[in-house]
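**Q** Supplied in C-alpha cells, the structure appears directly below.
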Amino acid sequence: MELKQRELINDDDVANLFGHSQSLEWGNMNDIERLVEDIVFQSNTFGKLFGDGPYKGALRYSEMMGQNFMKYAMYGKGGASFTEEMRPFPTWMNNMAVASRGADHLKGLGLIEKFQRRDLSQAYFGGSEAADLSIPDYKGASTAIIENQVALLNSYGVCMFHWMLDPAGYMPESYYGDAYRSITGVDHDSEQLTRDGERICNLEKAFNSRIGMRREHDTICERWMWEPTDEGMYPGKVAADMFETVLDEYYQWRGWDVKSGLQTRSKLEELGLNDVADVLESDRALARD
C-alpha cells in the first residue's frame, strides 16, 4: 500500500502481483482481507513472495523489480513486528534486535523505559537512569534483565499482561515466586529464580548461534534505524546514533563477547550449562574468554 501511495509501483505492477487489479488503498479492509488470504493460500505472486514474512518478501520483491524496497519493510532480526513505534525507545529497539525470535515484543516486554518507571529503575539499578529517555545508560541492561524475567514467567505459564499490572512485576520474589515454591516445593530464592530465567535465555541464544547468527544479525530494519524521530532520546536524530552503544551494553550485561555477540564458556559454566558450551565449541560458535 505504501509503495503504491508513493508511486513506486503502478497499476500494472499491482496486477502482476495479484493476478487482477486491486486498489491497495489505506484503510480498505477488503484489500487487507484479500492480502491475508493471498499469503495464507499463496495463490498468486504476492502470496508466494511474502509467505515467509516482510523481510524475505521485501528482499524477493526488490530483486524481482530491480529496486531497493527494504527501507519500507518493518522487521527486527528478520522477524516481523507488530505495529508500534520503536524509534523513541532504545530498550524497545534493542529488544527487537536481540530477541531470540526476531522482533518479538513478548521476549523483552518491559515497563521501565516505555512508561518511564523511575521506581522500577531504582529497584533494579539504584537510580533513575534506565527510565530516562534522554540518555542511553542502562537501556541494554534493561533488555537483559527483562528478558530473564520474561523467560522465567513464561516457564510459569502465566499471562504477560497480568504481570504488567504488578507495580514491581519484574521481581522474582513477588507472588509468582511464592506460588512457584508452594506448588513445586522447589525453594529457590530470588537470585536462583533470576538465574533460572537467564539459563533459558542462554539456551535460546545457543540455538541461534549454532545456525550462524552473530552480532550483525542482532539488528533492526532500515526504517527504524535511519528515519529520524522528533521524540525520545535524540529528537531530530536517528536511532543509529545510539544503537551500537546500547547493544554493547546488552552484551556486557549478558556476559557475552561484545565483538561477535557469541557466548563465552565462563558465562555458560557459571550457569551450569557446561554441556551447551561443549556443543557450541565443537560448532565453532563459542567466543574465547
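The values are calculated or read from the model by the stated rules, or taken from the named source; none is laboratory data. Here the structure is a predicted model, which is why all the values come from computation and not from measurement. Note: ideal-geometry Cβ built from the backbone for every residue, glycine included; neighbour counts use all protein chains shown.
**Q** Can you tell which of E249, E269 is free of Cβ contacts under 8 Å to residues at least 60 places away in the same chain and not in a loop (DSSP other than H, G, I, E, B)? Talk me through it step by step, then tell me what you get.
**A** Working: E249 fails: free of Cβ contacts under 8 Å to residues at least 60 places away in the same chain.
Step by step, each of E249, E269 is checked, and only E269 is free of Cβ contacts under 8 Å to residues at least 60 places away in the same chain and not in a loop (DSSP other than H, G, I, E, B).
**Q** Here is a follow-up. Regarding Y138, is this residue at pLDDT below 90, assigned by TED's automatic domain parsing to the domain that holds D230 and of a type in the set (S, T, Y)? Step through it out loud before you land on a result.
**A** Details: at pLDDT below 90: no; assigned by TED's automatic domain parsing to the domain that holds D230: yes; of a type in the set (S, T, Y): yes.
Against the criterion (at pLDDT below 90, assigned by TED's automatic domain parsing to the domain that holds D230 and of a type in the set (S, T, Y)), Y138 does not qualify.
**Q** Just wondering, is there one or more residues in the range 200-220 that are assigned to a helix (DSSP H, G or I), touching an Asp or Glu at 6+ places or on another chain (Cβ under 6 Å) and surrounded by 14 or more Cβ atoms within 10 Å (Cβ to Cβ)? It would help to see each step written out before you state the result.
**A** The initial filter retains those residues of the range 200-220 that are assigned to a helix (DSSP H, G or I), namely 200-210, 215-217.
Then drop every residue that is not touching an Asp or Glu at 6+ places or on another chain (Cβ under 6 Å), which leaves 201, 210.
Restricting the remaining residues to those that are surrounded by 14 or more Cβ atoms within 10 Å (Cβ to Cβ) gives 201, 210.
Yes, some residue in the range 200-220 is assigned to a helix (DSSP H, G or I), touching an Asp or Glu at 6+ places or on another chain (Cβ under 6 Å) and surrounded by 14 or more Cβ atoms within 10 Å (Cβ to Cβ).
**Q** Residue check: is V238 among the β-branched types (V, I, T), within 25 Å of Y124 (Cα to Cα), surrounded by fewer than 19 Cβ atoms within 10 Å (Cβ to Cβ) and at pLDDT below 95? Walk me through how you get there before you give the answer.
**A** Details: among the β-branched types (V, I, T): yes; within 25 Å of Y124 (Cα to Cα): no; surrounded by fewer than 19 Cβ atoms within 10 Å (Cβ to Cβ): yes; at pLDDT below 95: yes.
Answer is no for this residue.
**Q** Quick check on the range 112-121. Is at least one of its residues within 18 Å of the chain's Cα centre (by Cα), part of a loop (DSSP other than H, G, I, E, B), crowded, with 20+ Cβ neighbours inside 10 Å and assigned by TED's automatic domain parsing to the domain that holds P228?
**A** yes
**Q** Please identify the pairs in which a residue from the range 5-27 that is loosely packed, with under 11 Cβ neighbours inside 10 Å has its Cβ atom under 7 Å from the Cβ atom of a residue that is of a type in the set (G, A, S), counting only partners at least 6 apart or on another chain.
**A** S21/A15
**Q** Further question: Would it be correct to say that S62 is in a loop (DSSP other than H, G, I, E, B), of a type in the set (S, T, Y) and either within 19 Å of N16 (Cα to Cα) or more than 25 Å from the chain's Cα centre (by Cα) (or both)?
**A** no
**Q** Could you figure out which of (1) assigned to a loop (DSSP other than H, G, I, E, B); (2) within 30 Å of A239 (Cα to Cα); (3) not polar (S, T, N, Q) isn't true of H20?
**A** (2)
**Q** Continuing with this model, one more query. Quick check on M96: is it outside any loop (DSSP other than H, G, I, E, B), on the phi < 0 side of the Ramachandran plot and surrounded by 15 or more Cβ atoms within 10 Å (Cβ to Cβ)?
**A** On the way: outside any loop (DSSP other than H, G, I, E, B): yes; on the phi < 0 side of the Ramachandran plot: yes; surrounded by 15 or more Cβ atoms within 10 Å (Cβ to Cβ): yes.
Yes; evaluated as a whole, the condition is true for this residue.
**Q** Ok, one more. Any residue in the range 181-210 that's more than 16 Å from T264 (Cβ to Cβ) and touching a residue at least 24 places away in the same chain (Cβ under 8 Å): show its pairings with residues that are of a type in the set (S, T, Y) and surrounded by 12 or more Cβ atoms within 10 Å (Cβ to Cβ) at Cβ separation under 6 Å, as long as the two are six or more apart or on different chains.
**A** E204/S100
**Q** State yes or no: is D278 more than 20 Å from K139 (Cβ to Cβ) and acidic (D, E)? If you could, list the steps in order and put the result at the bottom.
**A** Numbers: more than 20 Å from K139 (Cβ to Cβ): yes; acidic (D, E): yes.
The answer is yes for D278.
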